[in-house]
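Student: Got a structure for you, written out below as structure tokens; questions coming shortly.
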Amino acid sequence: PEGTSFNCCRIISDDISQVGMILYVDGSQELELSAGNIPEGGFKLPPLRGYKWQIKLYGNSKVSRITLATSMQELHGGE
């Protein structure tokens, strides 16, 4: 929906230290975490609202899942 706000992200990878990410909201780059700077488990995102959320990943490890959520509780709800 328009004006969605995601507060948290989790990226699951074979080796997260080898993965970097760039977050775009409505076409504007809002966050970049270089390889080695993405924490294992969930992490907080800056307070942003937008219609179109995109994540670009780069690096040398297979990524099996990317999850965006509105809270850390929601992010880890299935565990």
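Student: From the set of residues in segment 56-69 that are among the small types (Gly, Ala, Ser) and modelled with pLDDT of 95 or more, which is nearest to ARG10 (Cα to Cα)? Spell out the reasoning first.
Tutor: Going residue by residue through segment 56-69, those that are among the small types (Gly, Ala, Ser) are 59, 61, 64, 69.
Cutting the leftovers down to modelled with pLDDT of 95 or more gives us 59, 61, 64.
Values: GLY59: 16, SER61: 15, SER64: 11 Å.
Once the filter is applied, the top-ranked residue is SER64.
Student: Right, next: Looking at PHE6 and the list (1) at pLDDT 95 or above; (2) part of a loop (DSSP other than H, G, I, E, B), which single condition is not satisfied?
Tutor: (1)
Student: Within segment 21-55, work out how many residues are over 12 Å from ARG10 (Cα atoms) and assigned to a strand (DSSP E or B).
Tutor: We begin by selecting, within segment 21-55, every residue over 12 Å from ARG10 (Cα atoms); these are 22-37, 46-54.
Pick out the ones that are also assigned to a strand (DSSP E or B) and you get 22-25, 28-33, 50, 53-54.
Residues flagged as over 12 Å from ARG10 (Cα atoms) and assigned to a strand (DSSP E or B) within segment 21-55 amount to 13.
Student: Then there's this: Could you please let me know if TYR58 is open to solvent by 50 Å² or more (accessible area, probe 1.4 Å), under 21 Å from GLY3 (Cα atoms) and assigned to a strand (DSSP E or B)?
Tutor: Spelling it out, it is not the case that TYR58 is open to solvent by 50 Å² or more (accessible area, probe 1.4 Å), under 21 Å from GLY3 (Cα atoms) and assigned to a strand (DSSP E or B).
Student: Kindly list the number of the only condition in (1) at pLDDT below 95; (2) aliphatic (A, V, I, L, M); (3) open to solvent by less than 50 Å² (accessible area, probe 1.4 Å) that fails for MET72.
Tutor: Every listed condition holds for MET72 apart from (3).
Student: Within segment 24-67, how many residues turn out to be under 21 Å from GLY77 (Cβ atoms), touching a residue at least 40 places away in the same chain (Cβ under 8 Å) and touching a helix residue (DSSP H, G or I) at 6+ places or on another chain (Cβ under 9 Å)?
Tutor: Total satisfying the criteria: 2.
Student: Scanning for something touching a strand residue (DSSP E or B) at 6+ places or on another chain (Cβ under 6 Å), basic (Lys, Arg), surrounded by fewer than 12 Cβ atoms within 10 Å (Cβ to Cβ) and touching a residue at least 24 places away in the same chain (Cβ under 8 Å), does segment 1-23 turn up at least one residue?
Tutor: To start, the set of residues in segment 1-23 that are touching a strand residue (DSSP E or B) at 6+ places or on another chain (Cβ under 6 Å) comprises 6, 8-13, 18-23.
Add one more test, that the residue is basic (Lys, Arg), and what stays is 10.
Then drop every residue that is not surrounded by fewer than 12 Cβ atoms within 10 Å (Cβ to Cβ), which leaves none.
Within segment 1-23, none of the residues are touching a strand residue (DSSP E or B) at 6+ places or on another chain (Cβ under 6 Å), basic (Lys, Arg), surrounded by fewer than 12 Cβ atoms within 10 Å (Cβ to Cβ) and touching a residue at least 24 places away in the same chain (Cβ under 8 Å).
The values are calculated or read from the model by the stated rules, or taken from the named source; none is laboratory data. All values reported here derive from a predicted model rather than from experimental measurement. Because the Cβ atoms are built from the backbone with ideal geometry, glycine has one as well, and the counts that use them run over all protein chains shown. Areas reflect the complete protein model, heavy atoms only, side chains present, ligands, DNA and RNA absent. Shrake-Rupley method; radii C 1.70, N 1.55, O 1.52, S 1.80 Å.
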